[in-house]
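The values are calculated or read from the model by the stated rules, or taken from the named source; none is laboratory data. Quick caveat, the model's predicted, so the values are computed rather than measured. Using ideal geometry, Cβ is built from the backbone for each residue, glycine included, and neighbour counts are taken over all protein chains shown. The area values use the complete protein model at the heavy-atom level, side chains included, leaving out ligands, DNA and RNA. Shrake-Rupley method; radii C 1.70, N 1.55, O 1.52, S 1.80 Å.
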Amino acid sequence: MTTSLTIGTATARPGTIQYGRWEALSHPTGHTEFLPVIIAQGNEEGPCIWLTAGIHGPEQAGPAVIYRLITRELVNQLRGTIVAIPALNPAGLRTMERRPYHVDDDPNRLWPDGKATGRPDPEQQYPSSLETAYKRLFESIASYADYLIDYHNSGTGSISFAIRDRILYRTSRDAAGNRAAAGKLAAKLDSMLRAYGHTTVNEFAVNRYIEMKLHRSTSAAALLLARIPAFTVELGTGHMPDWSIVAAAGAGTRNVLRWAGMLPGLPEAIEGIVVVDPGFPVRRLRAPRVTQACIALHLLEGGDRVCIGDPVAELYDIWGRPLEEKQMISVHDGLVLGRSHGIYYYPGAPLYSLAVRDEAELIAPYPEGYYRD
């Protein structure tokens with residue numbers, strides 16, 4: 001642990017909670033966008049965990065978890081340091097939009113990816129001010145953090161769950177050593193997720209994962225580049241926090257602190273939410289997808305088990321008449337995480353977010369050609 005720690009204008013002091021600002025970027029209108037920083041440090045030395053939230057504007061349960069978690073009572077028992085940033089995307093939080101108004105990209109796909117950067121190509125889009133800011137902030141995460149949790153919200157009626165990223169390793173040099181190190185990191189991450197105690201879902205398979213730029217999320221950058229045990233949590237429906245899920249996320253986070261040796265005592269029970277173990281590894285999938293424009297009335301809710309052949313929705317036309325294909329049938333075994341918004345669907349739109357059987361490796365090499373040494 002580094003006892004002396006400064007993030008922006010906040011400097012850690014043993015036995016206190018310190019508040020400050022980290023200047024992220026300048027706007028052409030003359031004002032500065034800052035990220036709020038909270039540093040809670042115990043009187044005894046110990047690990048450093050980063051808690052981040054608010055990178056998507058409609059997802060506001062995460063900041064609530066942080067505000068309720070960091071108290072004077074917690075600091076009195078704390079060993080080590082908590083660095084919390086409850087608003088990674090202030091512009092999005094102001095407008096309740098996933099993307100900030102000054103960046104045409106998902107902010108949770110802008111963290112460093114480990115590729116070498118050369119002179120900007122004038123014919124290509126330059127990195128945005130926010131991407132540049134996250135690169136600077138990541139340097140502090142890599143320098144100080146021993147662990148990281150990033151809080152989000154998911155779809156309509158979704159349960160609380162944690163996402164386990166696949167751990168990728170390089171094969172161009174010392175492939176065997178890199179895989180062994182990835183295995184050790186994976187084991188520590190699994191232990192951390194068990195301590196959190198909510199439903200755990202694996203991330204998409206590797207090629208889709210890279211294609212969606214999920215390796216450039218907050219937690220994935222910490223995990224893959226800084227090799228810090230880190231995961232994303234999804235805290236139910238966005239916009240309005242579910243206070244039962246907020247409380248359960250606080251309990252899970254305190255359990256992680258106990259697991260890391262930062263708090264005393266036995267783990268708390270995770271209460272007030274659905275926690276599901278399907279009995280086999282699962283990964284995220286948006287499915288099933290409708291084949292024609294329709295009205296879809298969902299038959300399942302978050303937390304329900306689903307098997308191949310189960311009906312998942314009734315399909316109608318705009319007058320409420322059943323379509324020839326009266327029901328949508330599941331082609332997967334797994335778990336319903338949540339459903340898609342609304343009842344009006346175009347062809348190809350997914351009805352649910354599912355957790356389906358995962359047979360892919362959790363530790364895998366980067367795709368061929370990802371790094372060009």
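Side notes on the structure shown:
- Only the Cβ atoms of Lys and Arg (+1) and of Asp and Glu (-1) were treated as charged; on that basis the dipole of the range 11-139 about its Cα centre amounts to roughly 360 debye.
- Whole-Hz ³J(HN,Hα) from phi, Karplus 6.51 cos²θ - 1.76 cosθ + 1.60, for the range 292-300, glycine and proline x: 8, 4, 6, 9, 10, 9, 5, 9, 10
- Surface calculation, 1.4 Å probe, protein heavy atoms: F34 sits at approximately 70 Å² accessible.
- The HN-Hα couplings worked out from phi for the range 94-100 by the Karplus form 6.51 cos²θ - 1.76 cosθ + 1.60 (θ = phi - 60°) are 5, 9, 6, 10, 4, 9, x Hz, whole numbers, x standing for Gly and Pro.
- Rounded to the nearest whole Hz, the Karplus-based 3J(HN,Hα) values (6.51 cos²θ - 1.76 cosθ + 1.60, θ = phi - 60°) of the range 106-114 follow the sequence 5, x, 8, 10, 10, 7, x, 10, x, with x at glycine and proline.
- Distance between modelled label sites at Y101 and W243, nm, 7 Å Cα→Cβ extension: 3.2
- For the chain, fraction of C-alpha pairs farther apart than 29 Å, in %: 45
- Here the range 32-98 is assigned +1 on the Cβ of each Lys and Arg and -1 on the Cβ of each Asp and Glu. Its dipole about the Cα centre then comes out at about 120 debye.
- For the range 99-201: rounded, prolate or oblate by the Cα gyration tensor [a/c cutoff 1.5]: oblate
- Distant-in-sequence amide H partners of I228 (H built 1.01 Å from N, under 5 Å): L223
- For the range 301-362, with +1 on Lys and Arg beta carbons and -1 on Asp and Glu, the positive-most of G309, H332, W319 along the dipole: W319
- Accessible surface of the chain, 1.4 Å probe, proportion on carbon and sulfur as whole %: 50
- Most fluctuating residue given options N89, N76, N207, as computed from a GNM of the chain linking Cα atoms under 10 Å: N207
- Modelled this way, with points 7 Å down the Cα-to-C-beta line, the labels at N76 and E324 are 7.1 nm from one another.
- Charged-residue dipole, Cβ positions (Lys, Arg, Asp, Glu), the chain about Cα centre, Debye nearest 20: 700
- Anchor K184: lysines whose Cα lies under 24 Å away (excluding residues fewer than 8 positions away in-chain): K115
- Rolling a 1.4 Å probe over the protein heavy atoms gives the chain an accessible area of 46 Å² per residue.
- Amide hydrogen proximity for Q60: with H placed 1.01 Å from N in the peptide plane, the residues at 5 or more positions away or on another chain lying under 5 Å are H239.
- Options L193, P86, W22, ranked by Cα towards positive dipole end of the chain, top entry (Cβ charges): W22
- Annotation: amide H-H contacts under 5 Å for A10 (H modelled 1.01 Å from N, sequence separation of 5 or more, or interchain): R21.
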